[in-house]
Structure formats: C-alpha cells, structure tokens
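To start, the structure under review is shown below, and the notes come after it.
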Amino acid sequence: LVLTCGAGITVFSTRAVLLAATKLRRPATARRATRRFFVEPESLGLDSKKLIELGEDLNRRYIEEGLMKGAFLAVVMRGQVVAIWEMGDYTENTVYKLYSITKVFTAIAGLQMAEERGISLDEPICNLVPEWPAAVKIQEGEGKLRAARGEVLLRHCLTHTAGFSSVLPTVHPSNSLRAIERQRLQARISGRLGPPQDLREAVEREGKHPHMFDPGSHFNYCGVGSQLVARFLEQASGLNISECLEQSLFEPTGMESTGFIIDEKLAKQCVSTDYHPWIIQAVADGTPGSRWQRLKLRLRGILGSLLGKAYFDDLKPPGVGVILRKKLWDRSLQLFHPEAGVVGTGADFVKWLAMLTNGGKATDARGSRQVLSKSTLASLATPATPELEAPFALDAPTVPGKLFPIRNYK
C-alpha cells in the first residue's frame, strides 16, 4: 500500500497500515473521496470489502476530521494497480515532496552502478569519491579523538552504519544527542557557514568532521551516506545526481513528473508541506538564525497545539524546494539533496511500485523494460541490519522491555 499526504509518501505492508496523526478533533465535514478499482481484488487474494473499509476509514478519520488536507491511497500487488483513492484536495496528479524516499532512489541507483561496474559493496568509499578522506576520526565523549577502526565502505553508506555525526532534530530528539551531534547542531543553527554550492562541496565539508562510532559497528539513520553514494554515481557516470536518477530510474520507469527539478507546468499541482504542531518544536531546534526566531517557532507550535490546530502549511508553501527555498522548476539549481530532494506525483510513484512488484520490469504503452536486475531486487529484500527488529527506533537495536528504544548506544 502507498499513502501520500502533504508530508510526502509512505509505503506500508499490505498486512498492516499504521497511520500516525495528532488526534486533534475538528468539526466533521464531508470531503471528496473517489475510488477506482482496476482489477478484481479477490483474483490476487485480497478482500475488496476490507479495502473499501480501509479507504473509507482513512477518509473519515483524517480528511473529514480536518487532520490532513487530502491523501492519495493506492494498492499495488504483483505489478498490478488494484485500486486507488483520491481524497480531499489531493489527486493522483498532485506533486508531493518525497523527502526520504529519495534515499531509496539513490541507494538503488548505487546498487545498479556497483553491479554494472563490478564494484564490491565492501569497496572503501574513498576509492570511489575523491574528496572523501581515507581515514576518519572518532569522537568519544566531549572531545577525545581517536583513529577509526576500519574505513568507511560503500556498504556502510547504503545501510546507515558509517557513524556520521550529522544530525537532524526532526529525526533524533535534541535531548538524545551525543556530544559531537550537539556541537554540529550548534554550528549549523548559528548560520556561520552558508550552504555548499554543490554536492561535492557538501561531501568535502562532511569529511572533515569526526564520526560517532567505528564504521560498521552500529546503526544511525543519517543522510550523509546517501550523499556519498550520490557522489559515487556522479563520478562513475559523469552526470550530476539529478541527471543520473532520471536516466537510470525515472525515465525507464515512465515517471515523467518526478525528479529534483520539475516542469513549471506542474506548479498548480504542487502542495505545501503540512507540519503538525508537535513537530514544530523539532523544526525549531534545527532552524538557523537567532534564538528569538527559534523561540517564536516553538511558541507557535505550542499555541497551535493548545488551540487544536491540525497543521501549519506556510513553512514550506507549494512549489518551494524540499530543503532550499528555490522553486522546484528553477533550473539554476546546482545543489541536489540525494537524501531528501526528489518530488513527484502519486501516479508516478504507483508506476514505481508496479515496477518493484513486477520483478523490476516496467510495462506501459512503450512496451516492457527491465529497470532493475534480479540481484538488485534481491539486495533490497535482504536484511542488512538484522539487529533491527520492529518495532525499532531510528538509532537503536531492540531493547527488551522498551517498545521504542531511543539512542541506547553510548
């Protein structure tokens, strides 16, 4: 199942759909919801009655209650689109910010390139990305540095196990940060160092910072690995990461309205990022600028919660980039974020899911094309961090007695 909303697209298993939304009660109102079935669900072992109930429940609980402006729900199985729902203000042609699903695209393109060039996943990333140092330092505690035990490998960059110290408060709560992460966060919000000009400069800057733990010894969700995989792709292909993903994934899959940059004709189909009040606090923690600016943002979130506001939609209005404030159709853009920068329509993402569930083969009016190899698909289905057993936090193996352990690595 795939659910799209103002904050991006989330993929769920067909056995369980877990929807997270602040329980802010709004006056119930009838909101448009259309449903289309394309195949008989029972022919694929699905229950059409339960699917109808699923769509109706989502629309009633979240759209009609005013918790979300709209949603696009699709059921895709074995390469076939079973059904889609268009709810509230959103349709299959709405352009969503895909955020961290960009990491999936980058990782798959990296696996493709490694397979094509015969590059082992255990290749040191410094051999593939010239600006990355051969040796990195580990910061333990408040300031003690030591040499890392081992090099950062391509595998580590694909599995969030390299130990990068870059931090994002919307992922890891500020009160859980390690010393090096707190230092990095303070430097970022000070605004002393402006954004890099391109991905190469971003990676070069990151290579100067200590890591939190030895490569391969632990898991920590972080976007730097995606940046290094993207730089590997750029070096190997001679293209920038935007062009690389377009040629290797989006165009072969028929995803005409997906990418880091889109056509301006799609401007009216773009939607804002909608933030629930409870996440505004984390957004404030990572916002560069003055303390007063961050305090105002925190107070706004608190006030919104007290007043029962469902979401804020003016922080990232329609048409503005995922990270940078440039318009999504601004072709002067040089800094692409391979960890969070792609946008696209729900219809395109359904094509992506159909390809993934059809043995890596895309089928449309142009015919059938093998987009992903069997070995790449097998890699996607092979556990790389077996210590992570659901439910798990983004930076911790499961701990007995704790439903969602937070940052238990010291």
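The values are calculated or read from the model by the stated rules, or taken from the named source; none is laboratory data. Since we're looking at a predicted model, the values are computed, not measured. Cβ atoms come from the backbone with ideal geometry, glycine included; neighbour counts cover every protein chain shown. With ligands, DNA and RNA removed, areas are computed over all heavy atoms of the protein, side chains included. Shrake-Rupley method; radii C 1.70, N 1.55, O 1.52, S 1.80 Å.
Numbers at a glance
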| read-out | value |
| --- | --- |
| Hits in region 244-270 (condition: within 17 Å of the chain's Cα centre (by Cα) and either closer than 22 Å to G70 by Cβ or among the hydrophobic types (A, V, I, L, M, F, W, C) (or both)) | L245, L249, F250, T258, F260, I261 |
| Filter pass, D274 being over 20 Å from the mean Cα position of the chain (by Cα) and either at pLDDT 95 or above or open to solvent by 10 Å² or more (accessible area, probe 1.4 Å) (or both) | no |
| The lone exception for R149 - which of (1) assigned to a loop (DSSP other than H, G, I, E, B); (2) open to solvent by less than 20 Å² (accessible area, probe 1.4 Å); (3) farther than 17 Å from V203 by Cα it fails | (2) |
| In region 337-366, residue most open to solvent (accessible area, probe 1.4 Å) [restricted to those that are farther than 30 Å from P288 by Cβ and acidic (D, E)] | D364 |
| Any hit, region 192-205, residues being more than 30 Å from G238 (Cβ to Cβ) and exposed (fewer than 15 other Cβ atoms within 10 Å of the Cβ) | yes |
| Scan of region 59-78 for residues that are more than 23 Å from the chain's Cα centre (by Cα) and surrounded by fewer than 22 Cβ atoms within 10 Å (Cβ to Cβ), ordered by number | R60, R61, E64, E65, G66, R78 |
| Scope region 73-106; condition closer than 15 Å to F38 by Cβ and of a type in the set (F, W, Y); matching residues | W85 |
| Members of region 124-144 found to be outside any loop (DSSP other than H, G, I, E, B) and surrounded by 13 or more Cβ atoms within 10 Å (Cβ to Cβ), listed by number | P124, I125, C126, N127, K137, I138, Q139, E140 |
| Listing of strands (runs of 3 or more DSSP E) fully contained in region 269-363 that carry 3 or more residues being in contact (Cβ under 8 Å) with a residue 40 or more places away in the chain and under 29 Å from V224 (Cβ atoms) | 273-275, 343-345 |
| All positions within region 230-252 that are touching a Lys or Arg at 6+ places or on another chain (Cβ under 9 Å) and either surrounded by 24 or more Cβ atoms within 10 Å (Cβ to Cβ) or in a loop (DSSP other than H, G, I, E, B) (or both) | R231, I241 |
| Residue, nearest to the chain's Cα centre (by Cα), within region 297-336, restricted to residues that are open to solvent by 50 Å² or more (accessible area, probe 1.4 Å) and of a type in the set (V, I, T) | I323 |
| Single unsatisfied condition, G163 versus (1) under 18 Å from E123 (Cα atoms); (2) open to solvent by less than 10 Å² (accessible area, probe 1.4 Å); (3) at pLDDT 95 or above | (3) |
| Residue match in region 120-128 (condition: closer than 27 Å to W352 by Cα, within 23 Å of the chain's Cα centre (by Cα) and hydrophobic (A, V, I, L, M, F, W, C)) | yes |
| Qualifying residue in region 217-224 (condition: under 26 Å from V371 (Cβ atoms) and not basic (K, R)) | yes |
| Residues of region 277-295 that turn out to be over 20 Å from R182 (Cα atoms) and surrounded by 14 or more Cβ atoms within 10 Å (Cβ to Cβ), as a count | 1 |
| Test result for C157, surrounded by fewer than 21 Cβ atoms within 10 Å (Cβ to Cβ) and either part of a helix (DSSP H, G or I) or in contact (Cβ under 8 Å) with a residue 24 or more places away in the chain (or both) | no |
| Subset tally (residues that are closer than 30 Å to R155 by Cα and in a strand (DSSP E or B)) for region 54-109 | 4 |
| Given (1) surrounded by 18 or more Cβ atoms within 10 Å (Cβ to Cβ); (2) closer than 30 Å to W292 by Cβ, number of the condition Q227 does not satisfy | (2) |
